[in-house]
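Structure first, then comments.
The values are calculated or read from the model by the stated rules, or taken from the named source; none is laboratory data. For clarity, every value in this text was computed on a predicted model and none was experimentally measured. Here the Cβ positions follow ideal geometry from the backbone for every residue, glycine too, while neighbour counts run over all protein chains shown.
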Amino acid sequence: MNQNKTTLGAAMKKILHLIPVCLTAIALSASALAAGQKPNILFIVADDLGWRDVGFHGSDIRTPNLDKLAAGGTRLEQFYAQPMCTPTRAALMTGRYPLRYGLQTGVIPTGGAYGIPTDEWLLPQALREAGYTTAIIGKWHLGHADKKYWPNQRGFDHQYGPLIGEIDYFTHECEGKVDWYRNNKLLKQKGYSTTLFGNDAVKFISEQSPARPFYLYLAFNAPHTPYQAPQEYLDTYKNIPDPNRRAYAAAITVMDEQIGRVLATLDQKRLRDNTLIVFMSDNGGTRNAMFAGAMADVSKAKIPCDNGPYREGKGMNYEGGTRVVSLVNWPGHVASGAAVNEMIHAVDWYPTLAALAGASTAKCKPLDGLDVWPAISEGKPSPRSEIVYNVEPFRAAVRQGEWKLVWRAILPASIELYNIPQDPSEKNNLAAQYPDKVAALQRRANELAAQAAKPALLELGFKELMHQFHLPPAFPDEEFEFIQER
């Protein structure tokens, strides 16, 4: 009995001796867990991708890597962007509607000297202050004429790719000039742009340490015009007779393949479990030749994009121009194979990512975005009850709850009202039946218009506008200046 007591006493002493060690180990584990709470962020943007032009939305275009991300993550089926490229990218970077700072109309053309205003505190700046390594690989399109607008001056530690909105995929030229940079330095580099972006993204991720989180903004120019792809990929779509659709499909498949390479690198580095992946298109697929871009004249060709059930496409405030392909994937943090049908807007990513990253938004101007992470990760209702599609001097589109107003203010003026849950294809104009709804939404649009900055694009001459939208000149600059004043 005494021997048992002695043995028990010795065991208790050992246990008591081990308690501080265990507590220390637990504290270290908790500290390591806390240090690992900030996720890596891989934010992928496609350019002018049609809503239906991915496998998980029923397309015959091959996108196996995106399909796998969708199957293992959550699709955002009411995710809204702005109707054109520059405004959406600005919304992502600022968390604010582009109407606040004059980027709501069109895109920044090659002749445009303006950019996203330097007094806007951008997402990469906030994330870098929170300890992130920040990188943009791909298309910028938020200011190119002055270095103060360039990515390295706006919070990105690393930059690679074009500054303007449209380039030849192989020569990286626009209007005879190369637009291809690495960290403020012009590069003369050949190669298919999508593949080069993939190469640089793989290299960037390979160099990252698990000790410091990263934010990689991977912004492909695919499948924007001009419709181009390497011959070996074109050959895989020989069954598609239309050359534009064939090249468009091939460009999407190359992009998907490069995304697959990036995912494989995350796996190899054992970073995948702590990496939040977002994929989206910057606007709907092009359906009108006016918005196809300045390098390719598709006015007499069949435009290849497919926005599924949604009306119109890029450049338009209808659902086809603004409701875009989007998904979120983060193992253990979002549901697999799920769909969120709550309203979410591009501006919401700024406060959502800042909250996940522990980044301060104190230096931001008032945000239009809302933290939608509970809606994405827990299936809770979105805090967003309103979508501002866009508000410009000549048109506006605003949705509150079920009701969406599409208002063309220039002659011939038009008013359209749609119940989006009941009529997502926007076929049944209910404006005459619900004048009170129309009036309320018009008041909201006018309220936003009163807060808006003058569109920077309208400061340009009329000839520049005609060049951007492939339109013949109608009257001289002097008359356009009169319109601006009005």
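Figure legend. Inter-residue proximity from segment 145-156: first residues within 16 Å of Leu123 (Cα to Cα), second residues charged (D, E, K, R), beta-carbon distance below 7 Å, spacing 6+ or different chains. Indicated pairs: Gln153/Lys147; Gly155/Arg128.
Collect the residues in segment 276-297 that are surrounded by fewer than 21 Cβ atoms within 10 Å (Cβ to Cβ) and touching a Phe, Trp or Tyr at 6+ places or on another chain (Cβ under 8 Å), keeping them in residue-number order. If the condition is that a residue be surrounded by fewer than 21 Cβ atoms within 10 Å (Cβ to Cβ) and touching a Phe, Trp or Tyr at 6+ places or on another chain (Cβ under 8 Å), then Met290, Ala296 are the ones that fit. Would you call Asn221 more than 23 Å from the chain's Cα centre (by Cα) and not β-branched (Val, Ile, Thr)? For Asn221, the condition - more than 23 Å from the chain's Cα centre (by Cα) and not β-branched (Val, Ile, Thr) - is not met. Go through the residues of segment 176-188 one by one and say whether even a single one is at pLDDT below 95 and either outside any strand (DSSP E or B) or in contact with an Asp or Glu (Cβ under 7 Å, 6 or more places away or on another chain) (or both). Looking through segment 176-188, at least one residue is at pLDDT below 95 and either outside any strand (DSSP E or B) or in contact with an Asp or Glu (Cβ under 7 Å, 6 or more places away or on another chain) (or both). For Asp168, the stated conditions do not hold, so it cannot be described as touching a residue at least 60 places away in the same chain (Cβ under 8 Å), part of a helix (DSSP H, G or I) and among the charged types (D, E, K, R).
Considering segment 217-255 alone, what residues qualify as being of a type in the set (Asp, Glu) and farther than 17 Å from Ala289 by Cα?
Correct list: Glu232, Asp235.
For segment 319-364, residues that are surrounded by fewer than 23 Cβ atoms within 10 Å (Cβ to Cβ) and among the acidic types (Asp, Glu) total 1.
For segment 80-112, the set of residues classified as in contact with a Lys or Arg (Cβ under 7 Å, 6 or more places away or on another chain) and on the phi < 0 side of the Ramachandran plot consists of Tyr80, Pro83, Met84, Arg96, listed by residue number. Suppose the filter is assigned to a loop (DSSP other than H, G, I, E, B), in contact (Cβ under 8 Å) with a residue 24 or more places away in the chain and under 17 Å from Val262 (Cβ atoms); does Gln208 pass it? Against the criterion (assigned to a loop (DSSP other than H, G, I, E, B), in contact (Cβ under 8 Å) with a residue 24 or more places away in the chain and under 17 Å from Val262 (Cβ atoms)), Gln208 qualifies.
For Arg245, the conditions (1) free of Cβ contacts under 8 Å to residues at least 60 places away in the same chain; (2) of a type in the set (D, E, K, R); (3) part of a loop (DSSP other than H, G, I, E, B) all hold with the exception of (3).
Candidates Thr86, Thr118: the one that is assigned to a helix (DSSP H, G or I), at pLDDT 95 or above, of a type outside the set (A, V, I, L, M, F, W, C) and touching a helix residue (DSSP H, G or I) at 6+ places or on another chain (Cβ under 8 Å) is Thr86.
Once segment 130-163 is narrowed to residues that are surrounded by fewer than 23 Cβ atoms within 10 Å (Cβ to Cβ) and of a type in the set (S, T, N, Q), the residue that is nearest to Ala222 (Cα to Cα) is Asn152. Look at segment 29-46: where a residue is farther than 17 Å from Phe214 by Cβ and a partner is modelled with pLDDT of 50 or more and not aromatic (Phe, Trp, Tyr), sitting 6+ places away or on another chain with Cβ atoms under 8 Å, you get Ala46/Ala222; Ala46/Pro223; Ala46/Ile252; Ala46/Met255; Ala46/Met280; Ala46/Ser281; Ala46/Asp282; Ala46/Val325.
I'd like to check something: does segment 447-454 contain any residue that is out of contact with any Cys (no Cβ under 9 Å at 6 or more places or on another chain), free of Cβ contacts under 8 Å to residues at least 24 places away in the same chain and on the phi < 0 side of the Ramachandran plot? Among the residues of segment 447-454, at least one is out of contact with any Cys (no Cβ under 9 Å at 6 or more places or on another chain), free of Cβ contacts under 8 Å to residues at least 24 places away in the same chain and on the phi < 0 side of the Ramachandran plot, which makes the answer yes.
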